[in-house]
Amino acid sequence: MNRKYFTKATDIAKKIIEARVKEGNVVIDATVGNGYDTVFLAKLVGETGKVYGFDIQSKAIENTKNKLTDSNLLNRVILIKDSHENIDNYVNEKVDLVIFNLGYLPGGNHEITTKPDSTIKAIEKSLGILKENGIIVLVIYHGHEMGELEKNSIEQFVKELNQKQYTVIKFEFINQINNPPLIIAIEKNL
Ligand SMILES: C[S@@+](CC[C@H](N)C(=O)[O-])C[C@H]1O[C@@H](n2cnc3c(N)ncnc32)[C@H](O)[C@@H]1O
């Protein structure tokens, strides 16, 4: 058995998600990409839960839809081909968790990537619909130019969140080379 606990950033994000998301929860995958996180979330929320999934690329929506169909999970997922900055046009209920796996689609066009302004708008809107003790998880890839700008904007934004209302933590691999991804997670306190 692999006993390593501090694995890669995406696996640490999954550990946070797994510890919190329960059957019947309503969650958002703000960047569905190839659908790995969406499938993971759809299993956790169970038949009585709901997952909203956003992506701006048809290819991402298609890949995710195929993965969900193969796993017989499509019935609990609403896939939306639009930017996550428009979350409030589609989600009219409080949510338990929002995951942002930022950056570009692996195997896709690296020019089509998440951007600071729309990411911040999406985080602001997500905070507005988060339940008490709900969580936002951000996996941030800052090894490319836009990613570095995005990381800086996000850090500046979350540092100013009122600590009475939100708890913000950061996981960073500080002894690894090549700008490994980092995680920022926000919990709503009240
Ligand atoms: C790193 S990938 C996500 C990986 C995915 N979570 C998975 O499990 O495969 C980032 C995705 O964000 C999408 N994206 C970029 N800008 C976006 C936006 N404004 N709104 C929603 N999705 C966006 C990209 O198209 C890409 O598919």
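If I model a spin label at Asp11 and Lys59 as a point 7 Å from the Cα along the Cα→Cβ vector, what separation in nanometres do I get?
For the pair Asp11/Lys59, the computed spacing is 2.8 nm.
Tell me, how many Å apart are the Cα centres for segment 125-184 and for segment 50-100?
21 Å
At what distance in nm do the modelled label points of Ile78 and Asn189 sit from each other, each positioned 7 Å from its Cα along Cα→Cβ?
3.1 nm
Residues in segment 52-82 near a label at Lys43, defined as backbone nitrogen under 17 Å from the 7 Å Cα→Cβ point?
Label zone hits: 64-77.
Tell me, what % of the accessible area of the chain is carbon and sulfur with a 1.4 angstrom probe?
Ligands and nucleic acids excluded, carbon and sulfur reach 48 percent.
Rounded to whole Å and ordered largest first, report the semi-axes of the equivalent ellipsoid of segment 9-188 derived from its Cα gyration tensor (root of 5λ).
Taking √(5λ) for each eigenvalue gives 23, 20, 15 Å, largest first.
Please give the length that would be gained between Glu148 and Lys94 if that part of the chain were fully extended, namely 0.36 nm times their separation in residues minus their C-alpha to C-alpha distance (nm, one decimal).
My answer for the length gained is 16.4 nm.
Out of all DSSP beta bridges with both ends in segment 9-188, state the antiparallel percent to the nearest 5.
40 percent
How much accessible area per residue does the chain have, in Å², with a 1.4 Å probe?
Value returned for the chain: 53 Å² of accessible area per residue.
The values are calculated or read from the model by the stated rules, or taken from the named source; none is laboratory data. Being a predicted model, the structure only gives us computed values, none of them experimental. Backbone-built Cβ (ideal geometry, glycine too); neighbour counts: all protein chains shown. SASA here: full protein model, heavy atoms, side chains in, ligands and nucleic acids out. Shrake-Rupley method; radii C 1.70, N 1.55, O 1.52, S 1.80 Å.
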